[in-house]
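Derivation of every value follows stated rules applied to the coordinates shown; laboratory data play no part. Predicted model only: the values in this text are computed from it and were never measured. Glycine also receives a Cβ, built like all others from the backbone with ideal geometry; neighbour counts cover every protein chain displayed.
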Amino acid sequence: MVVAQEEIFGPVLCVIGYRDEAEAVAIANGTPYGLHGAVWSRDEEHAMAVARRLETGMVNINGYGFDAMAPFGGYKQSGVGREMGFAGLHEFLEVKAVQRFGSS
């Protein structure tokens, strides 16, 4: 359905059943977008492992909050680059490598 495949900005909850964790991750990653995701679990270490597998620029674990120092941005068609935090500042920098060989 469109609601599960496109970025819908609004108070929308989409619930999709799954058989196991691998299928849940495949469903989450099975869209052309990847702005934000969430993982809920009693086992925080396990939740972190699942969060690492999600193809999203941001993942919340067991809740939602906003950290202005955290980079904001997505994967795939949800945008390139980051805003806010050090990663956002880095977008405005130009890196130059200067190498000097030999002695003077």
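Separation of segment 40-104 and segment 12-32, taken as the distance between their Cα centroids, equals 22 angstrom.
Just to be sure I follow: if Rg is taken over the C-alpha atoms of the chain and Rh is the Kirkwood radius over the same atoms, what is Rg/Rh?
Looking at the chain, the ratio lands at 1.13.
The angle between the Cα long axis of helix 44-53 and the longest principal axis of the Cα atoms of the chain comes to about 70 degrees, rounded to the nearest 10. Taking every DSSP helix (H) stretch of at least 4 residues in the chain, weighting each as -39,500 (n - 2.57) and dividing the sum by the residue count yields a mean residue ellipticity at 222 nm of -7000 deg cm²/dmol. Site pair Phe101 and Ile27 shows an inter-label distance of 5.7 nm when each label is modelled 7 Å from Cα along Cα→Cβ.
The magnitude of the dipole of segment 1-72, with charges of +1 and -1 set on the Cβ of Lys/Arg and Asp/Glu and taken from the Cα centre, is near 40 debye.
Approximating the spin labels as points 7 Å out from Cα along Cα→Cβ, the Phe86-to-Ile16 distance works out to 3.4 nm.
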